[in-house]
1. Take the alpha carbon gyration tensor of the range 219-280, find the square roots of its eigenvalues, order them as a ≥ b ≥ c, and report rounded if a/c is under 1.5; if not, report prolate when a/b exceeds b/c, else oblate.
2. Run the quick spin-label model on residue 119 and residue 39: label points 7 Å from Cα toward the beta carbon, then report their separation in nm to one decimal.
3. Residue 286 to residue 157: extension gain in nm, 0.36 nm per residue of separation minus the Cα-Cα distance?
4. In which sequence would 267, 151 go, from the one with the fewest C-beta neighbours within 10 Å to the one with the most?
5. Using a 10 Å cut-off on Cβ atoms, rank the peptides 201-208, 220-227 from the highest mean neighbour count down.
6. How are the Cα pair distances of the chain distributed, in percent, across 10 Å bins from 0?
7. Could you give the nm distance between label points at residue 240 and residue 30, where each point is 7 Å from its Cα heading toward the beta carbon?
8. Using Cβ contacts closer than 10 Å as the measure, can you line up 157, 91 from fewest to most?
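FYI, it's all coordinate maths here, none of it is from the lab. All of these numbers come straight from a predicted model, not from anything done at the bench. A quick note on method: Cβ atoms are made from the backbone with ideal geometry, for glycine too, and the neighbour counts reach across all protein chains shown.
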């Protein structure tokens, strides 16, 4: 096995060891295969030092072994900065078969040489990209038991259609700001696009939760059904800062940030106040409000 050289930029301490008598969580065979998918959507949720969540697609995430995920540091300035400030991280994966899971972990640093870098650079996702290879490879040590889920195609279609019917109550939450450019709104409205939201749990851990729909209810409001992810969303509270991301088949990705608002027991909404590009070459670039108002 090739030796690993840790980047001198990384100063974080290693992940906390498991408590005595406890077995470290790991990926089962099905999740291993899910994470191995070269074009399988994966979302990484991080947080900054002020407690603002961030969630973006990081397709290069893949398993190194059953207890470690690795990924390429490629157009991810905000995520890189967040990981160096706070090692708590969650990754959500979602397959074509509508199977997925959320995995919590601890960031274990970036390597600029060694086996992690070689594996990531050899993956089809980055080997044939139109820009360049990765600057470094990051590692995540799995720190919590994976939370798998399985959706049905009927449920996805039903949830998508129901979100269009329930836009009325969410529309009333609008602050009157034109935050969602029509092109961005169109991507979030697509049934075939994959979406995930992120928030901090009461312990400050960033959560990454796929949702069936993120329907534009107003130029600054996105509506989503809590089912079938109600258990994963149980700690999402009124008024907390929330991020959401979408990736399409092209692939094109965007991220929004805003405030969570409770619509009712079955529906939630995000009142949007920031919108960003989340795919190359404009990753992290803010999309200003259109129509001349903020």
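1. Values: a/c = 2.31, a/b = 1.57, b/c = 1.47.
Because a/c hits 1.5 or more and a/b exceeds b/c, the range 219-280 counts as prolate.
2. 2.3
3. Values: separation 129, 0.36 × 129 = 46.44 nm, distance 3.12 nm.
Residue separation times 0.36 nm, minus the Cα-Cα distance, leaves 43.3 nm.
4. On the way: 267 22, 151 17.
Ordered from fewest to most neighbouring Cβ atoms within 10 Å, 267, 151 come out as 151, 267.
5. Numbers: 201-208: 16.8, 220-227: 23.9.
Ranked by mean Cβ neighbours within 10 Å, highest first: 220-227, 201-208.
6. P(r) for the chain, in whole percents per bin: 7, 30, 37, 20, 6, 1.
7. Between residue 240 and residue 30, the simple spin-label model gives 2.7 nm.
8. Working: 157 12, 91 22.
The most exposed by this proxy come first: 157, 91.
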